[in-house]
Amino acid sequence: MKVALGITGCIAAYKAIEVMRGLQKAGISVQVILTRSGAQFVTPLTFESLSAQNVITDMFQQGQNRDIHHISVAQSIQLLAVVPATANIIGKFAHGIADDFLSTLYLSNPAPVLLAPAMNVEMWNHPAVRSNVEILKGRGHYFVNPEPGPLACGMEGEGRLASVDVIVARIVEALRTGESLAGMRVLVTAGPTVEDIDPVRFLSNRSSGKMGYAVAQAARQRGAEVFLVSGPTALKAPSGVRFVPVRSAAQMKDAVLQFYPSADIVVKAAAVADYRPVEAAPQKIKKNDNSLTLQLERTEDILAILGRQKKGQVLVGFAAETERLLDHAREKMARKNLDLLVANDVSAGVFGSDRSTVHILEAGGVIETLTDRSKMEIAGKLLDHAMSVRKRSTAAAQSGE
Ligand code: CTP
């Protein structure tokens, strides 16, 4: 296990020495990256002596041009941790500014990211910092929040770097989470489906695909092999997932059934059309003065098919409802033979948002309610529950139940 430990310019930088030693004691190899301001507070020599490794301090360091160094570091680590993280580095990460080694590494790094901020309380509470933190949380990054107490600047409040033990424990936990789906195959569906009426018109829905893409990204970050079957969306597929674009419910069904037998966890976040035109007109339908009747037929319920064919997969469905949310959710779970169901109330027009409020249900009822959380956070919790279902059913199968 290898962690890149970024150290930025803040008085708490000296505590990063203890963090590095704590990680080494836990058997984790550490590549230290000291920003120019970080090096004003602690010296590269301190870290070099303790880690017996080169410390990276510059984008264009002598003797490091054998490979493209920020790429080779990015490929070799399982986590990028920044301790302490200043308001400046949080802002650069949030907005993709790459003007030194650490911020450039951030952009080339596919591994999970953890930040332990430390700064003056007014800075920590500034709307600019708050919104940058939200952007990074929305990308699924971990935060070890600062603690309240006396600050170096003489003020009192939230801003002190969290304790070394807490930071080390959170890094170790994040590394474990990052491996928690290693060897698993996760199949995710996302987005709307599109049912053609004629060559220029179609029936579809308001799904943005953000929830399904967040699940695919979170599963990939945890080491799973991920298949993302998606209807048309404006989103870019997360890196490292096998992306299968589809259009109609029928195409989605074919793609899903192809990957289903080898999947361990299936998350059906797509908003699949329930009806399609009986026949798409081969030419554009021309208007006249009469009203127009479209004849629709049912599409197949993909999730119900999966429920019938289930052989050990953990099956997760979604229910977007505008009334009697939990009644409908429970009924759907039973009817489609699901292990987990995510129910959300869409009466308030929540489509396209980066945040959501959901209830996660098992057969016995609601097991967790997540209020106004980022979709990445919901995705993480959902995968935790899916793994817990899987562990329980594997244990039950082994004990012959
Ligand atoms: N689903 C599916 N195939 C369909 C319809 C829905 O796989 N043809 C899946 C969705 O991906 C989602 C869940 O089933 O996980 C939603 O179920 P359901 O509520 O039946 O879909 P709705 O269209 O919302 O149904 P209803 O009109 O009954 O509320």
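Values computed for the structure shown
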| item | result |
| --- | --- |
| Full-stretch length increase - Glu122, Glu323 - with 0.36 nm per residue and alpha-carbon distance subtracted | 68.1 nm |
| Rounded accessible area per residue of the stretch 2-178, 1.4 Å, Å² | 45 |
| Most positive-pole-ward Cα, His69, Ala395, Val144, against dipole of the chain from beta carbon charges | Ala395 |
| With every protein chain in place, the stretch 2-178: carbon and sulfur % of accessible area (1.4 Å) | 53 |
| Shape of the chain, Cα gyration tensor, a/c cut at 1.5 | prolate |
| Sequence-distant residues sharing a close amide H with Phe202 (under 5 Å, placed H) | Ile197 |
| Fraction of beta bridges assigned by DSSP in the chain that are antiparallel (%, nearest 5) | 30 |
| Lysine pair number, Cα distance threshold 20 Å (strictly under), the stretch 2-178, separation 8 or more or different chains | 4 |
| Net lengthening on full extension, Ala363/Ser393 (0.36 nm per residue, minus Cα-Cα) | 9.4 nm |
| Normalised contact order of the chain, rounded percent, pairs of Cα under 8 Å and 6 or more residues apart | 11 |
| Residues of type lysines that Lys311 reaches as a straight line, Cα spacing below 18 Å, ignoring anything fewer than 8 places off in the same chain | Lys253, Lys268, Lys336, Lys391 |
| Dipole magnitude (debye, nearest 20) for the stretch 148-242, charges at Cβ of Lys, Arg, Asp, Glu | 180 |
| Computed over the stretch 348-401: relative contact order in percent, which uses C-alpha pairs under 8 Å that are six or more apart | 24 |
| Vicinal HN-Hα couplings computed from phi for the stretch 195-200 (Karplus, 6.51 cos²θ - 1.76 cosθ + 1.60; Hz; Gly/Pro x) | 10, 6, 9, 8, x, 10 |
| Asp354 accessible area, 1.4 Å probe, all protein chains in place, Å² to nearest 10 | 100 |
| Rounded accessible area of Asp339 (nearest 10 Å², 1.4 Å probe) | 40 |
| Contour excess over end-to-end distance, with Cα ends at Asn54 and Ala26 and 0.36 nm allotted per residue | 8.1 nm |
| Bins of 5 Å, starting at 0 and running to the largest distance - Cα pair percent for the stretch 149-287 | 2, 10, 15, 15, 12, 10, 8, 7, 6, 5, 4, 3, 2, 1, 1 |
| Average Cα contact separation per residue, the stretch 2-178, under 8 Å, 6 or more apart, as relative contact order % | 23 |
| Positive dipole terminus of the stretch 1-109, leading residue within Thr8, Asn88, Leu23 (C-beta point charges) | Leu23 |
| For the stretch 2-178, radius of gyration divided by Kirkwood radius, i.e. Rg to Rh on alpha-carbons | 0.94 |
| In sequence order, calculated HN-Hα J values of the stretch 284-295 (Karplus, 6.51, -1.76, 1.60; Hz; x Gly/Pro) | 4, 6, 8, 7, 9, 7, 7, 6, 10, 10, 9, 9 |
| 1.4 Å probe accessible area per residue over the stretch 275-342, in Å² | 67 |
| Dipole moment magnitude, nearest 20 debye, the stretch 175-323 about Cα centre, only Lys, Arg, Asp, Glu C-beta charged | 460 |
| 19 Å reach of a label modelled at Arg298, 7 Å along Cα-to-Cβ, counting backbone N of the stretch 269-286 | 271-279 |
| Solvent-accessible area of Tyr142 with every protein chain in place, 1.4 Å probe, in Å² to the nearest 10 | 70 |
| Interchain or long-range residues, amide H under 5 Å from Ala271's placed H | Gly191, Thr193 |
| Antiparallel bridges, percent of DSSP beta bridges restricted to the stretch 2-178 (to nearest 5) | 20 |
| Order of exposure, largest accessible area first, which applies to Cys10, Cys153 with probe 1.4 Å | Cys153, Cys10 |
| Accessible carbon and sulfur surface of the stretch 242-379 relative to its total accessible area, %, 1.4 Å | 47 |
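The values are calculated or read from the model by the stated rules, or taken from the named source; none is laboratory data. Given the structure is predicted, the values throughout are model-derived calculations rather than measurements. Cβ coordinates were reconstructed from backbone atoms using ideal geometry, including for glycine residues, and neighbour counts include every protein chain displayed. In case anyone asks, the SASA skips ligands and DNA or RNA and just uses the protein heavy atoms, side chains included. Shrake-Rupley method; radii C 1.70, N 1.55, O 1.52, S 1.80 Å.
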